[in-house]
1. Just give me the residues in region 90-119 being aliphatic (A, V, I, L, M) and touching an Asp or Glu at 6+ places or on another chain (Cβ under 9 Å), in sequence order.
2. Show the residue pairs that are 6+ apart or on different chains and have beta-carbon atoms under 7 Å apart, the first residue being within region 73-89 and over 12 Å from L146 (Cα atoms), the second being part of a helix (DSSP H, G or I) and polar (S, T, N, Q).
3. State whether one or more residues within region 206-214 are hydroxyl-bearing (S, T, Y), closer than 28 Å to I124 by Cα and part of a helix (DSSP H, G or I).
4. With the condition kept exactly as written, say whether any residue in region 207-223 is on the phi > 0 side of the Ramachandran plot and in contact with an Asp or Glu (Cβ under 7 Å, 6 or more places away or on another chain).
5. Regarding A52, is this residue modelled with pLDDT of 95 or more, under 14 Å from the mean Cα position of the chain (by Cα) and closer than 14 Å to V175 by Cβ?
6. Which condition number does G172 fail, the rest of (1) closer than 17 Å to V144 by Cβ; (2) out of contact with any Pro (no Cβ under 9 Å at 6 or more places or on another chain); (3) in a strand (DSSP E or B) being met?
7. Among the residues of region 201-210, is any in contact with a helix residue (DSSP H, G or I) (Cβ under 8 Å, 6 or more places away or on another chain), more than 22 Å from V67 (Cβ to Cβ) and not charged (D, E, K, R)?
8. Do the conditions hold for Q119, that is, is it at pLDDT below 95, more than 15 Å from V78 (Cβ to Cβ) and of a type outside the set (A, V, I, L, M)?
Amino acid sequence: MHISENLSGVYVLDFFGETRMATRPKVPVPVYGERIAEGLRIWDPRRSKLAALLIKSWLAGGLGDLVKMLNLRPDSKVLYLGAATGTTVSHVSDLLSSGLVYAVEFSPRSMRDLFSLCQSRDNIIPLLEDASLPERYAPFLEPVDLVYQDVAQRNQAQIACRNAALYLKSGGALVLMIKARSVDVTADPKDVQKAEIERLEGVEVISVSDLRPYYQDHWAVVARRRDQA
């Protein structure tokens, strides 16, 4: 294994001839069955859309700019919408050694696994809530540097905008993972993607990335909250 680069805790590896991302946890223990190599947790792009986005950015020569844009610093605050059982959340947690991840998940079953993850990590705040009703978790949050959304609901852009408007710092970053088939299973996925992007308000879209070959009909939208006058 050869480490090609380390950007704010995001490691780029040549792992048996394949480019992989990795993060370094405080305690090198697998969370979802991932490989551990020299104290690093291999970040599987087929299990994490954020890992897929990072790898595609690396291959395009823009990983450093993306990591900086996303405010992935040790002291960052992240609002993660659609945390599920915590696969990607766990890697974000690795990156935020002195920061926090506010992990919102609607499913009680997924939340049970997420709670188990939180028992070994003190920088994840689990919130059993509906991401489409962001006012409900206002008492538990502070302004965040990054809003990351990966929810399988029809109104994905609306959910992202409402959360960004309430919690994202001016100039902060938004990552919206558009799941086209969850919005409209009958429409052309590219048309769905364009329509969702057009519904975004209060943010400036920086990039749109097709996540193939890792995910079909999924796009990662990176945006920045516009500075308020």
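1. Applying the first criterion (aliphatic (A, V, I, L, M)) to region 90-119 yields 92, 95-96, 100-101, 103-104, 111, 114, 117.
Scanning region 90-119 gives L96, L100, V104, M111, L114.
2. Qualifying pairs under 7 Å: A84/S110; T85/S110.
3. Checking region 206-214: not a single residue is hydroxyl-bearing (S, T, Y), closer than 28 Å to I124 by Cα and part of a helix (DSSP H, G or I).
4. Of the residues in region 207-223, the ones on the phi > 0 side of the Ramachandran plot are 217.
Still in the list and also in contact with an Asp or Glu (Cβ under 7 Å, 6 or more places away or on another chain): none.
No, that holds for no residue.
5. Details: modelled with pLDDT of 95 or more: yes; under 14 Å from the mean Cα position of the chain (by Cα): yes; closer than 14 Å to V175 by Cβ: yes.
So A52 fits the description; yes.
6. Result: G172 fails condition (2) only.
7. Checked region 201-210: at least one residue is in contact with a helix residue (DSSP H, G or I) (Cβ under 8 Å, 6 or more places away or on another chain), more than 22 Å from V67 (Cβ to Cβ) and not charged (D, E, K, R).
8. On the way: at pLDDT below 95: yes; more than 15 Å from V78 (Cβ to Cβ): yes; of a type outside the set (A, V, I, L, M): yes.
So Q119 passes the test.
The values are calculated or read from the model by the stated rules, or taken from the named source; none is laboratory data. The structure displayed is predicted, hence computed values, not measured ones. Because the Cβ atoms are built from the backbone with ideal geometry, glycine has one as well, and the counts that use them run over all protein chains shown.
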